[in-house]
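The values are calculated or read from the model by the stated rules, or taken from the named source; none is laboratory data. Everything quoted here is computed from the prediction, not taken from an experiment. Every residue, glycine as well, gets a Cβ built from its backbone with ideal geometry; the counts of neighbours run over all protein chains shown. All accessible areas refer to the heavy atoms of the entire protein, side chains included, with ligands and DNA or RNA removed. Shrake-Rupley method; radii C 1.70, N 1.55, O 1.52, S 1.80 Å.
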Amino acid sequence: MPSSQNAPNINALPSPSIGQYLLDRLHDYGILHIFGVPGDYVLRFNKLIENHSDIKFINTVRENTAGYAADGYARMRGLGVACITYGVGINISNALSQAYVESSPLVAISGAAGVEEFKQQKARHHLINTTTGPHGDRTQLEVFKNLTIDQGILDNPKTAAHIIDRVLHNCLKHKKPVYFELPRDCVDLPLPTPFTPSKHSPHISDPDALKEALSETKWILSKSSRPMIWAGHEILRFGLSQDLLSFAETFHIPIVSSLLGKTVIDEHHSLFIGVYQGEMCLKDVADAFHQCDCLLMAGLLLNDLDTGIFTAKLDQNQRISANQKGLTIGKHHYDIYFSDYIRALKDLSLTKKFHFPVKSRYSHLPKEIKSNENAKTTTKHVFQCLQQFIKPEHIIVSDVGDCLFASADLVLYYNSFMASAYFASLGFGIPGAIGAQLAEPNRRAIAIIGDGGFQMTAMELATAVRYHLDPVVILLNNHGYGTERILLEGSYNDILNWNYTLIPKVLGGGVGIKVETEQAFESALKQALSQRGEFYLIEVELEKLDFSPALNRLGELLGQEINR
Ligand SMILES: Cc1ncc(C[n+]2csc(CCOP(=O)(O)OP(=O)(O)O)c2C)c(N)n1
Ligand SMILES: [Mg+2]
């Protein structure tokens, strides 16, 4: 993962243009691809990307999918970039919202009308409320201010470099999306000479506050006999997995993860118990969780899906909550950086090791699944069969729907799962897999998607064909919005049944296979995983009311809320 402290190489910067400086800084942070859709307000910048020796522009089909792909890229590589044109590109908002609430460092760059054009206040195409609206021409900025942690208008060469440095620094510091607006007449303006890039000193916690926090942690742990760690997505985003694991190993403390933080550590690890989601999760995991007397919630966001619709039992005697908002131990709040705290935990001078018995999830997996020649495909079999073939190089990208809930029970390797597991935006699966595949070219993305989610962004498979990307797409066709059927059935949950496996023919690339039996699924999966070079679409025919055990558990909880 690229470091957020990368300092620009001053000697290598002989007064670049605003656009060039922005691209070079992104490249310093590890960016090799930028996703987007061009338009006249951003074409100059698109040309600059095309001419950049190290960064490639990846045309997506829409802007929201550019955002999802960049989000997937960011989750794997530490930063992602999407580039849009003005006004009409605002449909990236959904991806920005997802990245904001799920803490993914996503940079959105929008071209804009030129500075002079803005001043004229003429009704130009794509501009929103040009003369009459409350924000004049700046409506897009006002919208994105609510969805990003920092914004920069790059309309002045004297301030542009400083703004670029500050905004990117904040993106990486908070792991949240940011927004740049680049007027088309400013892209090629040179920065003033001599040019001095700004520096941002690394953030460091107050040493006394950190010391006090660690000593209170030590005191609490010394009184506990069964502590547990509940690890969330921020541990992944901030690159703290190894630090947390060293702490767990040093003192023998078992770990559960949230769904959003799934694969924060290798789930085959002997201290890993499973994904905890209150009453929604596997009984074994819940039973173990409920025995703990001291809980460290590390990098976690207590949302409804991660807490099993708020059924998580959080009545331990002692609770420590460390996340990017700060640290709370019992009723004490410490204003220290969460990374500093997590990194320091493994060196706690605690003399004891805990003896909390751990039933590792891995030991519960069936040794071999028999795929029956005549048995009809079910969601349960798909996941059991998939489990047998998963290797560390695979990245599971789940869409929303039963695929997400069933994925929770898969046992996966470190950093090999991504999903819109809190914002829950349908359609993340395919573009997310494309972003992941480009971020990690040596790995293989396996996207698992329902038919509803698939129909939202399926055309992004065109991007896979164009750039020779080869995700495996497992399409769970239960003929409609199954997750909603279980809550409140109606004809609004039915969708048109496409002839899905003809999509490769339309796109001129990829392989489509429809399966209706367990054995057919297994052989299609084996074929897809053994061949690289083009995408595979495996359509799994399912009964309309075929749900995974995990979705049934969720349905019971959510149904109570809706019908209340
Ligand atoms: C963009 C978006 N629109 C609407 C929803 C509401 N929603 C949640 S689940 C769901 C149905 C998903 O259907 P499908 O992808 O076929 O998966 P299934 O539930 O059948 O497993 C819908 C419409 C959503 N999560 N995201
Ligand atoms: Mg469905």
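Observations on the model:
- Taking 13 Å as the straight-line reach from the Cα of K223, the aspartates and glutamates in range (excluding those fewer than 8 positions away in the same chain) are D293.
- For the range 171-309, projected area of the alpha-carbon convex hull averaged over all directions, nm²: 13.1 nm²
- Carbon plus sulfur fraction of accessible area for the range 18-183, probe 1.4 Å, in percent: 49 percent
- The range 207-361 - share of DSSP beta bridges that are antiparallel (%, nearest 5): 30 percent
- The range 365-562 - percent of accessible surface contributed by carbon and sulfur, probe 1.4 Å: 52 percent
- All Cα-Cα separations within the range 247-292 were binned at 10 Å from zero, giving a P(r) of 29, 57, 14, 0, each value a whole percent of the pairs.
- Which of A462, G72, S241, positive extreme of dipole for the chain (C-beta unit charges): S241
- Mean accessible surface per residue for the chain, computed with a 1.4 Å probe while every protein chain stays in place, in Å²: 40 Å²
- Loop trypsin sites (Lys or Arg not before Pro), the range 368-418, which have at most 14 other Cβ atoms in a 10 Å radius of their Cβ (DSSP): K370
- By accessible area with a 1.4 Å probe, ligands and nucleic acids excluded, highest first: order of R444, R184, R226: R226, R184, R444
- Of the trypsin sites (Lys or Arg not before Pro) found in the range 319-351, those that fall in a DSSP loop while having at most 13 other beta-carbon atoms within 10 Å are K325, K331.
- Computed about the Cα centre, the dipole magnitude for the range 18-183 is approximately 160 debye when only Lys and Arg (+1) and Asp and Glu (-1) carry charge, each at its Cβ.
- Loop-located GluC sites (Glu not before Pro) in the range 394-490 whose Cβ has at most 16 other Cβ within 10 Å (DSSP): E489
- 5 angstrom amide H check on E279, placed H, neighbours 5+ away: T311, A312
- Centroid-to-centroid separation of the range 304-353 and the range 180-217 [C-alpha atoms, Å]: 27 Å
- Global form of the range 397-449, assessed from the alpha-carbon gyration tensor, a/c cut-off 1.5: oblate
- Where Cα atoms sit under 23 Å apart: lysine pairs in the range 365-562 separated by 8 or more or lying on different chains: 20
- Gyration tensor over alpha-carbon atoms, the range 410-564, equivalent ellipsoid semi-axes in Å: 27, 18, 15
- One quarter of the surface of the convex hull around the alpha-carbon atoms of the range 281-388 equals 10.0 nm², the direction-averaged projected area.
- Net charge of Cβ neighbours under 14 Å - reference H52; Lys, Arg +1; Asp, Glu -1: -1
- Electrostatic dipole magnitude of the range 426-564 [Cβ: Lys, Arg +1; Asp, Glu -1; Cα centre; debye, to 20]: 440 debye
- Per the Debye calculation on the chain with a single equal scatterer at every Cα and no solvent contribution, log₁₀ I(q)/I(0) for q = 0.06, 0.09, 0.12 Å⁻¹ amounts to -0.32, -0.71, -1.19.
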